[in-house]
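Encoded as structure tokens, the structure appears first; notes follow it.
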Amino acid sequence: MSEKKEYKVIGTRPIRHDGVDKVTGRAIYGADFQITGLLHGRVLRSPHAHARIVSIDTSRAEAHPGVKGVVTAQDLPEAEDKIADLGEGAVSLKYLCDNILASDKALYKGHAIAAVAATDPHIAEEACELIDVEYEVLPPVLEVRAAMEPDAPIIHENIRTSSLGETGDKPSNVASHIQFKKGDIEKGFDEADIVIEREFVTGTVHQGYIEPHNATALYNPDGQLTVWCSTQGAFTVREQLAEILQYPISKIKVVPLEIGGGFGGKINVYIKPVAALLAKKTGKPVKVLMNRADVFEGTGPTPASYITVKMGATKDGKITAAQTSMAFEAGAYPGSPVGAGAMCIFAPYNTENVLIDGYDVVVNKPKTAPYRAPGATNAAFGSETVIDELAEELNIDPLEIRLMNGAKEGDHRADGPVFPRIGFIETVEAAKSHPHYTAPNGKKHHGRGVASGFWFNIGLESSVTINVNPDGTVNLVEGSTDIGGTRASIAMQAAEVLGIPAESVNPTVVDTNSIGYTAVTGGSRTTYATGYAAYEAAQDVVRQMIERAAKLWDVDEANVQFTDGEFSSINGKEEQISFRDLSARLGETGGPVVGRATMNPAGAGGAFATHVVDVAVDEETGKVEILRYTATQDAGKAIHPSYVEGQIQGGVVQGIGWALNEEYIYNDEGEMTNASFLDYRMPTCLDLPMIDAVIVEVPNPGHPYGVRGVGEVPIVPPPAAIANAIYDAVGIRMTELPMSPDRLLKAMGKI
Amino acid sequence: MARKSHVQTTINGEAVEFLCEPRQSLLEVLRDELHLTGAKEGCNNGNCGACSVILDGRLVNSCLVLGVETDGKSVETIEGLADPDKLHPIQDAFLENAALQCGICTPGFIISAKALLDQNPNPTEHEVRYWLAGNLCRCTGYDKIVRAVLDAAAAT
């Protein structure tokens, strides 16, 4: 453990800066935006999961009173077949454009076909029904194993499997095959006294943010395009718009309004380019809103998957080999998070011999999008269940086997990276010593389970400027949209440097014309990377203020020091001035002070979590009740502990929903039959106990305050932990998600 | 398009008149006609509670009420809760407890909590959970929201 540092602001729990706006209903979210002359847009979506578009006739819709414009894929510029890097990895521009408005084929039910702008949203909706589309319906491919069959219907004629550097010679639904290797897998299994191999199936799940996607676009006669929207990253919206519309970045301004949740689902654009096309066609500002069914059917959920896991261990509990094959549904276009899942699956364990194969497979479902630690939850459901089984067979406590095999600083993951100082072991120890783990757990049909998880976290670009006000407060300008309290966690890092209270920093999230490039709020990067930029910008302020104090006192800058919010002269003259008093004298000492910093930090540090859950299984109904939940997590350093706890609690509950209820239910035609919040059942507060979030702090050497991203990893362990608890309760190993009552009753032989 | 109806109602204690089409929901009227955008649309079919308002003392989803139905009635929305210089105790409790992350569900939760505390000033944790089960939050896991409502009850 590194030394304990004393902080004045870091680790405290101030009221968040945007709090009053958000509890009074005054905060302006994307759909709340109003502008004079606004038209309303709606999107017509494919009723078929797989169909060739024979013709589209928009004439009846265009003639409908109140309709001002209709667009189809014909209105998009011809997409080059090129690969563009749009902030979250390389994507094919053709696929990106086809997902905005289908050109030749509809590849999933809900695929956007055309859009209407009208004077009123109801008229736009009516007009959508007047668009005549002729489809030639094709057989859909709805499941990853079926899609991998040699005789499966082909979704994209041009896809050839890219496998470990080789390209296949015939069309396939398998877009790619990746592999990570460490040691000698056969040798590892030979050394094992016990080998367990299981297969796992997980369903398609949605991020379930409460705010549907939205966009308002306006073209000025000078060609300036402005888009107001909710997004996880204004700059990535700008990049995607520039590529899709073939329009210069310099002529696009994206204004990020407040965002009502994202969890990875509000990085890709869907209706933003459509709003821009409609605005161009009508010459008016156009607001396009999705309804809830559009969100389920027309945006990216996270993939269903089929995973096999095989692990071997010696009698005394040493894991000698770990092997997996992970096939992920990419949805209609390649690009599932199978790579990220492959990076995470065995990462918590320092296992000598590892072999990981990953397959990215297209199916007739919406193109998948990131969802909180994308890929890692699917993966951990498999690996953490098999480890539980190994521990049981070997009669070793399940946390003990994790301690025996846990990864530490200097160990390297199968995909290459060597761990810096990490806190996995500390999370297991925190779980083991928690009163929850030692509490009695003997009632009939009650069970306890544990599981761990890893997410690598990312850095990426962030920019911050800090303007010093004459009253000793500062205005902090940043480009990271605030999705869960990051105005506060970023402002607090600047406040700590400047020796002022958190309340004396006014953070503002601004548009793409007003701050340097800033990557998405995602990858658990915002408090880490934008917080780091705020720290450096504040250091820049301090450097400049030292110059001013030196000028004021006519001393050398080297003779001015700054501690605890006071500048003082050392080596001679006795002078002292507070940050606040010096702030009032900037005009006379050379003009305003603006601190700035841009970052692309490399040391995100990994995040680990270990969870303990107690469940009660109702043997008659198959319902699983969560009785108690404890989540330990290494936060590195918790800047605002309340919001770190909140991230942990929220991630846990999303994981509980994934474990027990949530899935896209498809019929044979490929129609999602539960595209509403009534039928896609997310947890309510009545389904849950309090969630005990235990923050472990093993400082990240890659950040001045030791911060690690905290947002994503808490969703990783819950499905496995709950599966292990169900086993403890009723002796059944569940290998399919969700572990809904019907599946549980089937597994128990009751139906 | 149907003719618009003239509706006289009371919103947050003020007499309000508006014109709306028969098919417009109260949520649409509040947001699009009156520019009271504190009530949010999350699902438009009564499952998420983000559009919660209090209609003649009763908690409702404003997406399931027609605008014309509010004629002669009284509507309380999130915009009416705080005094000009002082937040409502439930709003304070949400801030103190960090009971919001993205904040989109927050107005609905605060309105639902007010409707609860108006009729049951000292609810148990289970009663709070039961009452708020019509409001979905995807960020917080509800822990801090339930604590905030219990704190607000204790403070009033």
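The values are calculated or read from the model by the stated rules, or taken from the named source; none is laboratory data. Computed from a predicted structure; not experimentally measured. Backbone-built Cβ (ideal geometry, glycine too); neighbour counts: all protein chains shown. What goes into the accessible areas is simple: the full protein's heavy atoms, side chains included, and nothing from ligands, DNA or RNA. Shrake-Rupley method; radii C 1.70, N 1.55, O 1.52, S 1.80 Å.
Yes/no per residue for (1) within 14 Å of chain B (Cβ to nearest Cβ); (2) among the hydrophobic types (A, V, I, L, M, F, W, C); (3) over 26 Å from A:Asp104 (Cα atoms):
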residue: A:Ala31; (1), (2), (3): yes, yes, yes
residue: A:Ser46; (1), (2), (3): no, no, no
residue: A:Ala49; (1), (2), (3): no, yes, no
residue: A:Asp57; (1), (2), (3): no, no, no
residue: A:Arg60; (1), (2), (3): no, no, no
residue: A:Val67; (1), (2), (3): yes, yes, no
residue: A:Gln74; (1), (2), (3): no, no, no
residue: A:Asp81; (1), (2), (3): no, no, no
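I'd like to verify a number: residues in segment A:239-272 that are more than 14 Å from chain B (Cβ to nearest Cβ) and closer than 28 Å to A:Gly25 by Cα, how many?
9
Just need a number here: residues in segment B:1-59 that are closer than 30 Å to A:Tyr680 by Cα and among the charged types (D, E, K, R).
The qualifying residues number 7.
Out of the residues in segment A:676-689 that are free of Cβ contacts under 8 Å to residues at least 24 places away in the same chain and at the interface with chain B (Cβ under 8 Å from one of its Cβ atoms), which is least open to solvent (accessible area, probe 1.4 Å)?
Result: A:Cys685.
Name the residues in segment A:709-740 that are closer than 21 Å to A:Thr308 by Cβ, of a type outside the set (A, V, I, L, M), open to solvent by less than 10 Å² (accessible area, probe 1.4 Å) and not in a helix (DSSP H, G or I), would you?
Across segment A:709-740, the qualifying residues are A:Pro717, A:Pro738.
Starting from residues that are among the hydroxyl-bearing types (Ser, Thr, Tyr) and buried (at least 19 other Cβ atoms within 10 Å of the Cβ), keep the ones in segment A:652-675 and report whichever is nearest to the other protein chains (Cβ to nearest Cβ).
Among them, the one singled out is A:Tyr664.
Closer than 28 Å to A:Gly110 by Cβ, in a helix (DSSP H, G or I) and at pLDDT 95 or above, is that true of A:Gly358?
no
Considering segment B:107-131 alone, what residues qualify as being within 7 Å of chain A (Cβ to nearest Cβ) and without any contact (Cβ under 8 Å) to a residue 40 or more places away in the chain?
Correct list: B:Ile110, B:Arg129, B:Tyr130.
Looking at segment A:152-185, which of its residues are open to solvent by 70 Å² or more (accessible area, probe 1.4 Å) and in contact (Cβ under 8 Å) with a residue 60 or more places away in the chain?
Result: A:Lys181, A:Asp184.
Have a look at A:Ala529, A:Ala558, A:Ala550 and point out the one that is without any contact (Cβ under 8 Å) to a residue 40 or more places away in the chain, touching a strand residue (DSSP E or B) at 6+ places or on another chain (Cβ under 8 Å) and over 30 Å from A:Ala725 (Cα atoms).
The match here is A:Ala550.
Would you point out the residue of segment A:341-356, among those that are open to solvent by 20 Å² or more (accessible area, probe 1.4 Å) and of a type outside the set (S, T, N, Q), that is nearest to the chain's Cα centre (by Cα)?
Within segment A:341-356, the match that is nearest to the chain's Cα centre (by Cα) is A:Met343.
Mind checking which strands (runs of 3 or more DSSP E) fall wholly inside segment B:1-100 and carry at least 1 residues that are open to solvent by 30 Å² or more (accessible area, probe 1.4 Å) and more than 11 Å from chain A (Cβ to nearest Cβ)?
Here the list reads B:5-11, B:14-20, B:58-61, B:74-76.
With segment A:388-472 as the region, which helices (runs of 4 or more DSSP H) entirely inside it contain at least 2 residues that are free of Cβ contacts under 8 Å to residues at least 40 places away in the same chain?
Once the helices (runs of 4 or more DSSP H) in segment A:388-472 are filtered for at least 2 residues that are free of Cβ contacts under 8 Å to residues at least 40 places away in the same chain, what remains is A:424-432, A:435-438.
Identify all residues within segment A:697-708 that are open to solvent by 20 Å² or more (accessible area, probe 1.4 Å) and in contact with a Phe, Trp or Tyr (Cβ under 6 Å, 6 or more places away or on another chain); write none if there are none.
Correct list: A:Pro704 only.
When you go through A:Gly484, A:Gly479, A:Gly522, A:Gly499 one by one, which is the residue that is touching a residue at least 40 places away in the same chain (Cβ under 8 Å), surrounded by fewer than 24 Cβ atoms within 10 Å (Cβ to Cβ) and in the same structural domain as A:Pro592 (by TED's automatic domain parsing)?
Exactly one of A:Gly484, A:Gly479, A:Gly522, A:Gly499 is touching a residue at least 40 places away in the same chain (Cβ under 8 Å), surrounded by fewer than 24 Cβ atoms within 10 Å (Cβ to Cβ) and in the same structural domain as A:Pro592 (by TED's automatic domain parsing), namely A:Gly499.
Being open to solvent by 30 Å² or more (accessible area, probe 1.4 Å) and either more than 13 Å from chain B (Cβ to nearest Cβ) or outside any loop (DSSP other than H, G, I, E, B) (or both): is that true of A:Val694 here?
When the stated conditions are applied, A:Val694 passes them.
Is it fair to say A:Val309 is assigned to a strand (DSSP E or B), over 28 Å from A:Lys187 (Cβ atoms) and in contact (Cβ under 8 Å) with a residue 60 or more places away in the chain?
no
Just to check your reading of the model, which residue among A:Gly335, A:Gly317 is touching an Asp or Glu at 6+ places or on another chain (Cβ under 8 Å), in contact (Cβ under 8 Å) with a residue 60 or more places away in the chain and open to solvent by 10 Å² or more (accessible area, probe 1.4 Å)?
Answer to the selection: A:Gly335.
Would you point out the residue of segment A:207-233, among those that are in contact with a helix residue (DSSP H, G or I) (Cβ under 6 Å, 6 or more places away or on another chain), within 23 Å of B:Lys40 (Cβ to Cβ) and not in a strand (DSSP E or B), that is nearest to the other protein chains (Cβ to nearest Cβ)?
Checking each candidate, the answer is A:Pro212.
Considering (1) within 12 Å of chain B (Cβ to nearest Cβ); (2) over 25 Å from A:Val428 (Cβ atoms); (3) touching a residue at least 24 places away in the same chain (Cβ under 8 Å), say which one A:Ala631 fails and leave the rest.
(2)
What are the residues in segment A:1-50 that are within 30 Å of A:Val362 (Cα to Cα) and either of a type in the set (S, T, N, Q) or surrounded by fewer than 20 Cβ atoms within 10 Å (Cβ to Cβ) (or both), if any?
Correct list: A:Ser46, A:Pro47.
Scan segment B:132-156 for residues that are touching a Leu at 6+ places or on another chain (Cβ under 8 Å), more than 12 Å from every other protein chain (Cβ to nearest Cβ) and in contact (Cβ under 8 Å) with a residue 40 or more places away in the chain and jot them down.
Matches in segment B:132-156: B:Thr156 only.
What is the residue count in segment A:234-252 for residues that are touching a Leu at 6+ places or on another chain (Cβ under 7 Å) and outside any loop (DSSP other than H, G, I, E, B)?
Number of matching residues: 7.
Residues of segment A:634-651 being surrounded by 24 or more Cβ atoms within 10 Å (Cβ to Cβ) and among the small types (Gly, Ala, Ser), which ones?
Selection gives A:Ala635, A:Gly636, A:Ala638, A:Gly646, A:Gly650, A:Gly651.
Just the residues that are more than 7 Å from every other protein chain (Cβ to nearest Cβ), of a type outside the set (Phe, Trp, Tyr) and under 23 Å from A:Thr231 (Cβ atoms), please, taken from segment A:33-44.
Listed by number, the residues that qualify are A:Ile35, A:Leu38, A:Leu39, A:His40, A:Gly41, A:Arg42, A:Val43.
Please verify whether A:Val227 is in contact (Cβ under 8 Å) with a residue 60 or more places away in the chain, in contact with a strand residue (DSSP E or B) (Cβ under 8 Å, 6 or more places away or on another chain) and outside the structural domain of A:Thr324 (by TED's automatic domain parsing), treating the condition exactly as stated.
no
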